[in-house]
Each structure stands twice: as structure tokens, then as C-alpha cells.
1. I need the shape label for the range 80-182. Rule: rounded when a/c is under 1.5, else prolate if a/b > b/c, else oblate, with a, b, c from the alpha carbon gyration tensor.
2. Ignoring everything but the protein chains, give the 1.4 Å probe accessible area of ARG91 in square angstrom, nearest 10.
3. Counting only C-alpha contacts under 8 Å and six or more residues apart, can you give the relative contact order of the range 9-127 as a whole percent?
4. Quote the accessible area belonging to PHE175 in square angstrom, nearest 10, computed with a 1.4 Å probe and with ligands, DNA and RNA left uncounted.
5. Output the relative contact order of the chain, whole-number percent, from Cα pairs under 8 angstrom with separation of 6+ residues.
6. Any idea what log10 I(q)/I(0) is at q = 0.07, 0.11, 0.15, 0.16 Å⁻¹ for the chain, Debye with uniform C-alpha scatterers and no solvent?
7. Under 17 Å from a point placed 7 Å out from the Cα of ALA97 along the Cα-to-Cβ direction: which residues of the range 123-162 have their backbone N that close?
8. Can you put HIS26, HIS92 in order of accessible area, largest first, using a 1.4 Å probe?
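The values are calculated or read from the model by the stated rules, or taken from the named source; none is laboratory data. Please read all numbers here as calculations on a predicted model, not as lab measurements. Cβ atoms come from the backbone with ideal geometry, glycine included; neighbour counts cover every protein chain shown. Keep in mind that these areas ignore ligands, DNA and RNA; they rest on the heavy atoms of the full protein, side chains included. Shrake-Rupley method; radii C 1.70, N 1.55, O 1.52, S 1.80 Å.
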Amino acid sequence: MFMTRIAVIIGPNKGDRDMEGQVGGHDEYYFFEPMPDAAQWLSENNPDPLIHVVEAACGVYSGRATMNMYNNGLSSSLGVCTDQARELYSRHDLTHAGTLEVDVVNVYEYLTGCGVNEITTLLTDAQGMDLAILKTMTPWLESRRIQSITCEADGNLFRHYDELPSNQVADFDDFMQAFPWYHRVDAQTSETGSLNLKWILE
């Protein structure tokens, strides 16, 4: 298992995080990024044919959806920014800046269609859709085909986006209890009310 080291990064934007430090050293990469300018930047700066840039948001079903745009760019989402989040981000401009129609893919269906049947590293920063996306990968979790998982979650008393399924830590924990071979090793709180949760296959 894990003969080819595959990294799947959902919501990388332009790789402004320490991308190399988090997912460097893999054989093949899949980046899922719905923002056209960011997807273009990723494509232009990652010409290796084993780095696949998919210009699409990720969700439960494949199709088209409306993304809400916010002025800091990084907070654009299929959901609607909450007043709670606006207050926390008060030093930033979270003015609604319109909408954008984007492609949406079910990551599990997309990757299996590409012949991928296991993931070494899964990293999601999906603006409120992280748990919903992880649930679509249940067949791989059941068969222990994801080695490392890192997802951004809302704190249990915080919600970044309305009109989306729950993305709270407690609901991640409830879901992952079905897969006791995964051990949660990290819960790093950020200044934005998020927690970066990490599980490792034991």
C-alpha cells in the first residue's frame, strides 16, 4: 500500500501557506482550487506533468455551484460568511464582493476516475466544506487508503459559514470514531477561530 506517494490538496489558493513543508516529497500531486486566478497561478508555477491542477471547488456532488466572493479572496466560499466570522475578522475587509459560478467535483469520484485508489497525504482548507468532503472519502477511510489527513475545522462554539453542513470539531470527532485505526495527533488553534485537525493511520 502507498507505493506511489500521492498528495491531495483542497483549497491551496496560490500556495501561500508553507506548502512545501507540509506536502513536499510526494511523487504526484492533485490541487483542487476554484478561484480562476489562483488555479492559473498554480498551473503556471507547477509545470511538472505529475502535478495536476483542477480548477474546481469540492463538494458532495459534481456539477456547478455559486461561490460567494469576499474581498480578502482567501475567504470565498460556497457558504455565506457569518456575522460571528465578520466580527473575528474585523481588521480585514469581508465585504461581500459578488458571486462566481464554479465547477464542483466530488473528490473521491474524480480521483477514482483518474485511477487513484489511495492517498498518502490529504490536506483540506475548504472554507467550511472540509468535513463534508472528508465524508465522501468514506470508502478509503474504511479500507485504510489514506495515510495522513489534515482538515480545517470550526471550533465547537464558532461557525465561519452559514448554508453549509457542520464543520465543527465535535462532528469531525464523531465521524472519525468509525475508523479507530486513525489516531488524531494534532489540534492546532489558529487566530481565525479554526482548528487544524490531523489524523495518522496507525
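1. Working: a/c = 2.75, a/b = 1.58, b/c = 1.73.
Oblate, because a/c is 1.5 or more while a/b does not exceed b/c.
2. That residue has around 150 Å² of solvent-accessible surface.
3. On the way: 174 pairs, mean separation 34.8, N = 119.
It comes to 29 percent, rounded to a whole number.
4. Approximately 40 Å² of PHE175 is accessible to the 1.4 Å probe.
5. On the way: 400 pairs, mean separation 39.7, N = 202.
Normalised by residue count, the contact order of the chain is 20 percent.
6. Treating every Cα as an identical point scatterer, log10 I(q)/I(0) equals -0.19, -0.48, -0.93, -1.07.
7. The answer is 127, whose backbone nitrogens lie closer than 17 Å to the label point.
8. Details: HIS26 25, HIS92 85 Å².
Result of the area sort, largest leading: HIS92, HIS26.
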